[in-house]
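Have a look at the structure below before the remarks.
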Amino acid sequence: MAEPEEVTALGRLFGATARAHHEATGGPNPDWAYWYGEHLAGKIDAFVGFSPEIEVIAEWLTWADQKHRAEAPGQKWPYYYAGQILDRLEQDG
């Protein structure tokens, strides 16, 4: 299970990315996960231990979004996504 401090820090990064996305796009964007992936490239490396490609980051985010909507819609999404992604990577080894 991911360390709470790591989840909090990555969740904050996701939150900052969401604010940047909103400023850049002004609203809904069907390609949001790819946009986030581009924005997070190089910034997420310290959390995941390697430099994932944009498409990989987008896949993680899409997966976490689907899981959040199905299992925990009342939780703050940035921290939920962070915990789920970090736990998934830890399990995948």
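Quick note: the coordinates plus some simple rules give every number you see, no bench work behind them. Keep in mind that what you see is a predicted model, and the values were worked out from it rather than measured. So basically every Cβ, Gly included, is an ideal-geometry build from the backbone, and we count neighbours across all protein chains shown.
Taken over region 29-50, the criterion of being acidic (Asp, Glu) and in contact (Cβ under 8 Å) with a residue 12 or more places away in the chain is satisfied by Glu38 alone.
Would you check which residues across region 53-66 are over 13 Å from Tyr81 (Cα atoms) and within 12 Å of the chain's Cα centre (by Cα) and list them? Break it down into steps so the answer makes sense when it comes.
Taking region 53-66 and keeping what is over 13 Å from Tyr81 (Cα atoms), we get 53-56.
Once the filter is applied, which keeps residues that are over 13 Å from Tyr81 (Cα atoms) and within 12 Å of the chain's Cα centre (by Cα), region 53-66 yields Ile54, Val56.
For region 1-22, which residues satisfy the criterion of being of a type in the set (Lys, Arg) and under 8 Å from Pro78 (Cβ atoms)?
Quick first cut of region 1-22, residues of a type in the set (Lys, Arg) only: 12, 19.
Hit for region 1-22 is Arg12, nothing else.
The residues listed here are Gly15, Gly26; of these, the one that is small (Gly, Ala, Ser), in contact (Cβ under 8 Å) with a residue 40 or more places away in the chain and more than 15 Å from Arg88 (Cα to Cα) is Gly15.
Rundown of residues vs (1) without any contact (Cβ under 8 Å) to a residue 12 or more places away in the chain; (2) hydrophobic (A, V, I, L, M, F, W, C); (3) in contact with a Cys (Cβ under 9 Å, 6 or more places away or on another chain), yes/no style:
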site: His22; (1), (2), (3): yes, no, no
site: Val56; (1), (2), (3): no, yes, no
site: Trp60; (1), (2), (3): no, yes, no
site: Pro73; (1), (2), (3): yes, no, no
site: Tyr79; (1), (2), (3): no, no, no
